[in-house]
Amino acid sequence: MTTIIPLPESEAQDKIAQTYDRIKDMLELDAVPEPFLVYARVPPFLQDFFMNFKKFVIKEGKLDPLMKAYLGLSVSSLYRCKPWIDFFDQRALKLGATEQQLQEVLAVAATNSMYNTFFKFRDISGSDLFEGLPVGLRAHTFTNTSLDETTIELINIALSDLNACKPCVTGHLAKARSLQVKDEAILEAIQCTATMLAGVQFLNSVTP
């Protein structure tokens, strides 16, 4: 396994040092979060990730920053990336989330993966037999938390995309649209998700 040692702020020079300063300004932090120190060993990746992260994960757009933090937490939990889980925990709390809501986000993400597993199997099994059989899986988590329906559906769309469950993506898209969620907001949720997938995958692949 290739291991990358983080590039400390004290050793950063030129464009990387400038990017570190921009990251701290953007996040209003005194120190650069560790994932960025790892990404800095591959400067083009650091620049790509920083620009995408700023636009699609941090800045308010069609989605508010808290919704984006929930998506970041969901992606990080799916891939068990503790540095990013911790980052989005703290960011969401700073943006007004409660500990209970963060726990509910993780529960919704886990429940979604359960359904993705079932419906993806039924979709790719190549048999109509399973279409006629009951799902049989309880998922009251989707309707019994303090999270609003839009938040739940955007999390479900994002993770269903990552889990490659076509019928789940289709179903949750329809539900989101029935809640008057604009297509531009759904697209931004996927852009946020895609950005964090890149960051999480790179970090997981090069750190012990």
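The values are calculated or read from the model by the stated rules, or taken from the named source; none is laboratory data. From a predicted model like this one, the values you see are computed outputs, not experimental measurements. Note that we place each Cβ from the backbone using ideal geometry, even for glycine, and neighbour counts take in every protein chain shown.
Table for the structure above
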{"quantity": "Selection within the range 77-87 - closer than 23 Å to PRO6 by Cβ, touching a residue at least 24 places away in the same chain (Cβ under 8 Å) and in a helix (DSSP H, G or I)", "calculated": "SER77, PRO83, TRP84, PHE87"}
{"quantity": "Residue within the range 44-57 that is farther than 22 Å from THR145 by Cβ, in contact with a Phe, Trp or Tyr (Cβ under 8 Å, 6 or more places away or on another chain) and in the same structural domain as ASN163 (by TED's automatic domain parsing) present", "calculated": "no"}
{"quantity": "Single condition ALA139 does not satisfy, out of (1) of a type in the set (Gly, Ala, Ser); (2) closer than 23 Å to SER178 by Cβ; (3) modelled with pLDDT of 95 or more", "calculated": "(3)"}
{"quantity": "Failed item, numbered, when ASP148 is tested on (1) closer than 20 Å to LEU66 by Cβ; (2) in contact with a Phe, Trp or Tyr (Cβ under 6 Å, 6 or more places away or on another chain)", "calculated": "(2)"}
{"quantity": "In the range 47-76, residue nearest to ALA189 (Cα to Cα) [restricted to those that are surrounded by 22 or more Cβ atoms within 10 Å (Cβ to Cβ) and free of Cβ contacts under 8 Å to residues at least 60 places away in the same chain]", "calculated": "ALA69"}
{"quantity": "Options LEU71, LEU37: the member that is part of a helix (DSSP H, G or I), under 18 Å from the mean Cα position of the chain (by Cα) and not charged (D, E, K, R)", "calculated": "LEU71"}
{"quantity": "Selection within the range 183-208 - out of contact with any helix residue (DSSP H, G or I) (no Cβ under 9 Å at 6 or more places or on another chain) and over 23 Å from ARG80 (Cα atoms)", "calculated": "GLU184, LEU187"}
{"quantity": "Residues of the range 151-208 satisfying the condition of being crowded, with 19+ Cβ neighbours inside 10 Å and not in a helix (DSSP H, G or I)", "calculated": "CYS165, VAL181"}
{"quantity": "Any chance GLY96 is more than 30 Å from PHE36 (Cα to Cα) and not charged (D, E, K, R)", "calculated": "no"}
{"quantity": "So SER146, is it part of a loop (DSSP other than H, G, I, E, B), touching a residue at least 40 places away in the same chain (Cβ under 8 Å) and assigned by TED's automatic domain parsing to the domain that holds THR98", "calculated": "yes"}
{"quantity": "Residue count, the range 16-29 (criterion: of a type in the set (D, E, K, R), outside any loop (DSSP other than H, G, I, E, B) and farther than 14 Å from PHE49 by Cβ)", "calculated": "3"}
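Residue-wise test of (1) in contact with a strand residue (DSSP E or B) (Cβ under 7 Å, 6 or more places away or on another chain); (2) exposed (fewer than 14 other Cβ atoms within 10 Å of the Cβ); (3) more than 18 Å from ALA69 (Cα to Cα); (4) not basic (Lys, Arg).
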residue: LEU95; (1), (2), (3), (4): no, no, no, yes
residue: GLN103; (1), (2), (3), (4): no, yes, no, yes
residue: VAL108; (1), (2), (3), (4): no, no, no, yes
residue: ILE124; (1), (2), (3), (4): no, yes, yes, yes
residue: ASP128; (1), (2), (3), (4): no, yes, yes, yes
residue: PRO134; (1), (2), (3), (4): no, yes, yes, yes
residue: THR141; (1), (2), (3), (4): no, no, yes, yes
